[in-house]
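The values are calculated or read from the model by the stated rules, or taken from the named source; none is laboratory data. Everything numeric in this text was worked out from a predicted model, so none of it was measured. Cβ placement follows ideal geometry from the backbone for every residue including glycine, while neighbour counts extend to all protein chains displayed. Only protein heavy atoms, including side chains, enter the accessible area calculation; ligands, DNA and RNA are left aside. Shrake-Rupley method; radii C 1.70, N 1.55, O 1.52, S 1.80 Å.
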Protein chains: 2
Amino acid sequence: MPPAPASRASIVRLMSLTASAGCRGCGRSHSAAHACASTHDHGKRGLATPVDLPGAPQGNTDYAFEMAASTLRFGTGATREVGMDLRNMINLLPANEQAAAKIAVFTDPNVAKLPVMKTVEQALQKENLPFVVFDKISVEPTENSWIEAIDWTRGNDITHFLAVGGGSTMDTAKAANLLSCYPDKDMYEFINAPVGKGTPIEKKLKPLIAVPTTAGTGSETTGTAILDIPSKKFKTGIASRALKPTLGIVDTLNTATCPREVAVAAGLDVLFHSLESYTAVPYYERTPRPDNPLKRPAYQGSNPVSDIFSKWALEQTIKYLPRIFKDPHGDEEARHQMLLAASTAGIGFGNAGVHLCHAGSYPISSLNKARPKDKQYFHPSYSPEIPLIPHGVAVSLTAPSVFHFTAPSSPERHRTAAEIFAGKDRLHEVAKVRDEDIGAFLREEIQKFLDSVAVPRGLTQVGYGTSDIEILARGMLPQRRVLDLAPVLIKDNQTQELEQLQGILEGAMRW
Amino acid sequence: MPPAPASRASIVRLMSLTASAGCRGCGRSHSAAHACASTHDHGKRGLATPVDLPGAPQGNTDYAFEMAASTLRFGTGATREVGMDLRNMINLLPANEQAAAKIAVFTDPNVAKLPVMKTVEQALQKENLPFVVFDKISVEPTENSWIEAIDWTRGNDITHFLAVGGGSTMDTAKAANLLSCYPDKDMYEFINAPVGKGTPIEKKLKPLIAVPTTAGTGSETTGTAILDIPSKKFKTGIASRALKPTLGIVDTLNTATCPREVAVAAGLDVLFHSLESYTAVPYYERTPRPDNPLKRPAYQGSNPVSDIFSKWALEQTIKYLPRIFKDPHGDEEARHQMLLAASTAGIGFGNAGVHLCHAGSYPISSLNKARPKDKQYFHPSYSPEIPLIPHGVAVSLTAPSVFHFTAPSSPERHRTAAEIFAGKDRLHEVAKVRDEDIGAFLREEIQKFLDSVAVPRGLTQVGYGTSDIEILARGMLPQRRVLDLAPVLIKDNQTQELEQLQGILEGAMRW
């Protein structure tokens, strides 16, 4: 396979290695050659605390990280417990509030027809719980589909939420919960800055139980909700711990009917949740330091506890996703482990964040919908008449180029990832790779893995060409929530940053 | 070193291997030689679901497990944020409840004099928060010391709890919180059956923030609270997810003054939290299956998510606890990693449980206080006039014998543990050990490790003799909460069970 035509990418990568970027760790401006191992090679960090500690912390970088996760229940058949869970929650309320309890069940038109919804409805009926169903969730929700769900919720005096579906359903339910608790606000109050105001959520939201039907998004444990803004041709969202479900019920029965292409795309999301959170800027390099713990973002940067989850989920996904590709319904062990991986990766990135692959995926997925029909991509097994680059595929398209780009920030971590991709039998091969070559090596390993699950080989395979690079890169720029966690990226000079993003996209055209 | 004089232990061990114990996994009665790999050798399990799944679950074993953990904040210096956290919590209340807010700060007389309490008080004062301090927590709390704390709390209209100290302080604060929410109940309503009634906690308790000053108990993230019942000569407690702190603030500054012996004993607790939870009966063999998710115990048995934490914490403790022993105050990296390990082990065992070492520790610690002075043990660096076998030491005394005993239940898991103790350079040596010898091998590895941190070499070194075996074994028998999670143990025949426990204690006399 010829190397990607990455002349511009190579130049930009070189630029970023020699540029005088401010070092967040030691506070000085220096080249990457400067020996600031504790911040640049965070693969080697053991202590994982800022260099100016202990004592009263100085500087403007953060010095703490927080781990918050929804309570999760894993069990084949556990969905049928959901009625009792809601009954238990309602029993905690004063009598007058118990009488007013009303559950909203969110789902999409496909899942509405599946056995999982029958199980859920029977579980609610068994406990005599009053519920209403909203089954109009869109795949890849938009402003308009969120508004529809929010308006419906506000008109229904909902007290408890139950989301049954994939990321689109869980995310829409989170938004509907939030905006029903803030009846006089609109979604832009909370959408990430600079697209929205990014106002911190200070209220305690209503209880939400999430029952995922894909092994992907991890939304059952995160405070993240993503939507498409067609007018801007990118996706963005809301990220706050306050959005976390109260409980996630993770049940292998619920992925038994998931179509192969959907399961694979979802699994690719898990793969890069893991790898991006593992390689994100460390929490003690993130600025600004919050002046109140409430303002410490959910996407904090990599940290020692998220690392445990992210690495485990990466191992599982590399092992089991190819088995899902081969036997999406029959291989129950693979489905079980992918669900575990999705949720644990969710805990990992939910407290660390993701970076460049996700930043790239938002315009890649969104722009596809607005293009001339002959340039659009239609993914097999989703609705064939709707142009769609599934989120997991969109994330994967840039990944080989992304990790080639980020490797100089933490060669040790990228080497660990390469070892997991290569497998136990090829550890000696990985050991021979020099630090400066580990990015190129990892790039090839990722490409081989993506080939094994039939991902399109780069942006050209989903209809994009060199002429689209600038608009895609400009669509990445407002994704500050994730770009700020991208290593190597020069964030204080927009011209240079845009150049780097264009370089990454150019390197993602084909493999 | 001569082998332990374990004639009786060997016999009982052999008995337990050949006894016709009912197999919870396959529901049949058979000898351990029967090939029931999915249940007896859960080291090899990949799927980790009961054999009668998928489909509507059958049988009386559980089929699901739940992961619940307190939100944890890790950061050197993060204690100073606690005033803002409490202010943020109080701001969520209606105005009249805000006006009535009153914080109880629990601590012990030693910690009360340390810098951490100054930091905490300043943080509360800065936010103008009303608080009262209860600084009479006993090391190794008893019924009476719990009653004192509960009475004080009930008399003070407390709305929020803040525990600053080790396990004794955090556990007492949990009990005080619980009993102030149930003003007409006494502690035996909730203490584990059969000692107490073990009534499930159905109310939502008041907010509790825990600030640990030792790296040990993990109480900052668990729903466990332990106390000594002197009249019965053993310790027991309350275990319920409802007791979990709302937030744990884990700050390396707060262990900086911890005496060496206290830090080592605390670290031994982490070691065996990890190893016991990793080797506990798997969740899908635990009976009875709960008829409501509220009744699923926090101590569920080993499960794939707890495993991730337990294994990681085991690795950290084996690496860093000897460094704490060598340099308890200066080695900041070791203190940092031990705090991370304590909390992650807490998440692990908090959702899986512990078994025989902990069951043994309760009478071992308690009986010591009631013996003639010439037979009592006084641990260096704790109050020299008080007879005390610190909890972590008490847990360690039986550990070599315990894991020798449990190894046949899951040779693969015990081999993994042996590999971690032995270290990377000796993996080839571990690989040569046959499955039937892995228990003896692990026993020696644990003994070497305990020697490296100067743990007394067995029960004889803390004043016990062969004549004490029966009373100690009988003190273990009521610890059903943990004994039910012990592999190999014959639970449906008390005579055989008592014999096995005596065998374990006999094997723990000296090494």
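Is there a residue being touching a strand residue (DSSP E or B) at 6+ places or on another chain (Cβ under 6 Å) and either within 20 Å of A:Asn110 (Cα to Cα) or in contact (Cβ under 8 Å) with a residue 40 or more places away in the chain (or both) anywhere in segment A:249-256?
Residues of segment A:249-256 that are touching a strand residue (DSSP E or B) at 6+ places or on another chain (Cβ under 6 Å), as a first pass: A:249-250.
Narrowing further to those that are either within 20 Å of A:Asn110 (Cα to Cα) or in contact (Cβ under 8 Å) with a residue 40 or more places away in the chain (or both): A:249-250.
Yes - at least one qualifying residue is present in segment A:249-256.
Would you check if A:Val139 is over 29 Å from A:Pro293 (Cβ atoms), within 14 Å of chain B (Cβ to nearest Cβ) and in contact with a Ser or Thr (Cβ under 9 Å, 6 or more places away or on another chain)?
Working: over 29 Å from A:Pro293 (Cβ atoms): yes; within 14 Å of chain B (Cβ to nearest Cβ): no; in contact with a Ser or Thr (Cβ under 9 Å, 6 or more places away or on another chain): yes.
The answer is no for A:Val139.
Would it be correct to say that A:Leu243 is in contact (Cβ under 8 Å) with a residue 24 or more places away in the chain and open to solvent by 10 Å² or more (accessible area, probe 1.4 Å)?
When the stated conditions are applied, A:Leu243 does not pass them.
Which of the residues spanning segment B:246-278 are among the hydroxyl-bearing types (Ser, Thr, Tyr) and open to solvent by less than 20 Å² (accessible area, probe 1.4 Å)? I'd like the intermediate steps shown before the answer.
Within segment B:246-278, the first condition is being among the hydroxyl-bearing types (Ser, Thr, Tyr), and the residues that meet it are B:246, B:252, B:255, B:257, B:274, B:277-278.
Matches in segment B:246-278: B:Thr252, B:Thr255, B:Ser274, B:Ser277.
Restricting segment A:280-291 to residues that are surrounded by fewer than 20 Cβ atoms within 10 Å (Cβ to Cβ) and within 10 Å of chain B (Cβ to nearest Cβ), which is nearest to B:Arg80 (Cα to Cα)? Spell out the reasoning first.
Just the residues of segment A:280-291 that are surrounded by fewer than 20 Cβ atoms within 10 Å (Cβ to Cβ), to begin with: A:287-291.
The next check asks that each one be within 10 Å of chain B (Cβ to nearest Cβ); those that pass are A:290-291.
Numbers: A:Pro290: 13, A:Asp291: 11 Å.
Among those residues, the one meeting the criterion is A:Asp291.
Determine, yes or no, whether B:Ala440 is farther than 21 Å from B:Glu140 by Cβ and out of contact with any helix residue (DSSP H, G or I) (no Cβ under 8 Å at 6 or more places or on another chain).
Working: farther than 21 Å from B:Glu140 by Cβ: yes; out of contact with any helix residue (DSSP H, G or I) (no Cβ under 8 Å at 6 or more places or on another chain): no.
In short, no.
Within segment B:363-381, can one find any residue that is buried (at least 24 other Cβ atoms within 10 Å of the Cβ), on the phi > 0 side of the Ramachandran plot and within 18 Å of the chain's Cα centre (by Cα)?
Within segment B:363-381 (the criterion being buried (at least 24 other Cβ atoms within 10 Å of the Cβ), on the phi > 0 side of the Ramachandran plot and within 18 Å of the chain's Cα centre (by Cα)), the answer is no, since none of the residues qualifies.
Look through segment A:220-238, keep the residues that are hydrophobic (A, V, I, L, M, F, W, C) and in contact with a Pro (Cβ under 7 Å, 6 or more places away or on another chain), and return whichever of them is surrounded by the most Cβ atoms within 10 Å (Cβ to Cβ).
The first filter runs over segment A:220-238 and keeps only residues hydrophobic (A, V, I, L, M, F, W, C), leaving A:225-227, A:229, A:234, A:238.
From the residues that got through so far, the ones that are in contact with a Pro (Cβ under 7 Å, 6 or more places away or on another chain) too are A:227, A:234.
Details: A:Leu227: 23, A:Phe234: 25.
Across segment A:220-238, the extreme among qualifying residues is A:Phe234.
Of all residues being open to solvent by 20 Å² or more (accessible area, probe 1.4 Å) and of a type in the set (A, V, I, L, M, F, W, C) in segment B:182-204, which is nearest to A:Leu93 (Cα to Cα)? Just the residue, please.
By that ranking, first place goes to B:Ala193.
Considering only segment A:119-144, how many residues are outside any loop (DSSP other than H, G, I, E, B) and within 18 Å of A:Ala210 (Cβ to Cβ)? Don't jump to the end; show me each part of the working.
Within segment A:119-144, the subset outside any loop (DSSP other than H, G, I, E, B) is A:119-126, A:131-134, A:142-144.
With within 18 Å of A:Ala210 (Cβ to Cβ) added as a condition, the list becomes A:119-121, A:123-124, A:131-134.
Final tally of qualifying residues: 9.
Could you list all residues from segment A:95-116 that are more than 24 Å from A:Leu178 (Cα to Cα), in contact (Cβ under 8 Å) with a residue 12 or more places away in the chain and among the aliphatic types (A, V, I, L, M)? Full working, then the answer.
Initial filter on segment A:95-116 (more than 24 Å from A:Leu178 (Cα to Cα)): A:95, A:110, A:113-116.
Okay, now just the ones that are also in contact (Cβ under 8 Å) with a residue 12 or more places away in the chain, so A:114-116.
A:Leu114, A:Val116 - these are the residues of segment A:95-116 that are more than 24 Å from A:Leu178 (Cα to Cα), in contact (Cβ under 8 Å) with a residue 12 or more places away in the chain and among the aliphatic types (A, V, I, L, M).
Given A:Thr169, A:Thr119, A:Thr142, A:Thr159, which one is within 19 Å of A:Thr221 (Cα to Cα), of a type in the set (Ser, Thr, Tyr), open to solvent by less than 60 Å² (accessible area, probe 1.4 Å) and in the same structural domain as A:Ala242 (by TED's automatic domain parsing)?
From the options A:Thr169, A:Thr119, A:Thr142, A:Thr159, the qualifying one is A:Thr169.
So which of A:Leu247, A:Leu294 is touching a helix residue (DSSP H, G or I) at 6+ places or on another chain (Cβ under 9 Å), within 14 Å of chain B (Cβ to nearest Cβ) and at pLDDT below 95? Outline the logic, then answer.
Working: A:Leu247 fails: at pLDDT below 95.
Exactly one residue qualifies, and that residue is A:Leu294.
Determine whether segment A:101-112 contains at least one residue that is open to solvent by 30 Å² or more (accessible area, probe 1.4 Å), within 28 Å of the chain's Cα centre (by Cα) and farther than 28 Å from B:Tyr63 by Cα.
Within segment A:101-112, one or more residues are open to solvent by 30 Å² or more (accessible area, probe 1.4 Å), within 28 Å of the chain's Cα centre (by Cα) and farther than 28 Å from B:Tyr63 by Cα.
Give me the pairs, please: first residue somewhere in segment A:357-384 and assigned by TED's automatic domain parsing to the domain that holds A:Ala407 and assigned to a strand (DSSP E or B), second residue anywhere and at pLDDT below 90 and open to solvent by less than 30 Å² (accessible area, probe 1.4 Å), beta-carbon distance under 6 Å, and either six or more positions apart or on two chains.
If the second residue must be at pLDDT below 90 and open to solvent by less than 30 Å² (accessible area, probe 1.4 Å), no pairs are left.
Among the residues of segment A:183-218 satisfying the criterion of being farther than 24 Å from A:Ser274 by Cα and within 14 Å of chain B (Cβ to nearest Cβ), which is modelled with the lowest pLDDT?
A:Glu202
Kindly state which helices (runs of 4 or more DSSP H) lie completely within segment A:394-511 and contain at least 3 residues that are open to solvent by 30 Å² or more (accessible area, probe 1.4 Å) and either within 29 Å of A:Ala239 (Cα to Cα) or not assigned by TED's automatic domain parsing to the domain that holds A:Arg371 (or both). Write out each step before concluding.
Details: elements: A:411-422, A:427-432, A:438-452, A:469-476, A:480-483, A:494-506.
Helices (runs of 4 or more DSSP H) meeting the threshold: A:469-476, A:494-506.
Which one is surrounded by the most Cβ atoms within 10 Å (Cβ to Cβ), of the residues in segment A:297-315 that are assigned to a loop (DSSP other than H, G, I, E, B), within 12 Å of chain B (Cβ to nearest Cβ) and at pLDDT 95 or above?
Kept after step one, since they are assigned to a loop (DSSP other than H, G, I, E, B), are these residues of segment A:297-315: A:297-301, A:303.
This time we only want the ones that are within 12 Å of chain B (Cβ to nearest Cβ), so: A:298, A:300, A:303.
With the extra rule that they be at pLDDT 95 or above, the set shrinks to A:300, A:303.
Details: A:Gln300: 26, A:Asn303: 28.
The extreme case among them is A:Asn303.
Select from segment B:58-82 the residues that are in contact with a Gly (Cβ under 8 Å, 6 or more places away or on another chain), in a loop (DSSP other than H, G, I, E, B) and under 26 Å from B:Ala256 (Cα atoms) and list them in ascending order.
Of everything in segment B:58-82, those that are in contact with a Gly (Cβ under 8 Å, 6 or more places away or on another chain), in a loop (DSSP other than H, G, I, E, B) and under 26 Å from B:Ala256 (Cα atoms) turn out to be B:Ala69, B:Ser70, B:Gly77.
When you scan segment B:317-325, do you find a residue that is more than 11 Å from chain A (Cβ to nearest Cβ) and under 15 Å from the mean Cα position of the chain (by Cα), even just one?
yes
Give me the pairs, please: first residue somewhere in segment B:72-83 and farther than 17 Å from B:Gly218 by Cα and open to solvent by 10 Å² or more (accessible area, probe 1.4 Å), second residue anywhere and in a helix (DSSP H, G or I) and of a type in the set (Asp, Glu), beta-carbon distance under 7 Å, and either six or more positions apart or on two chains.
Note: no pairs meet the criteria.
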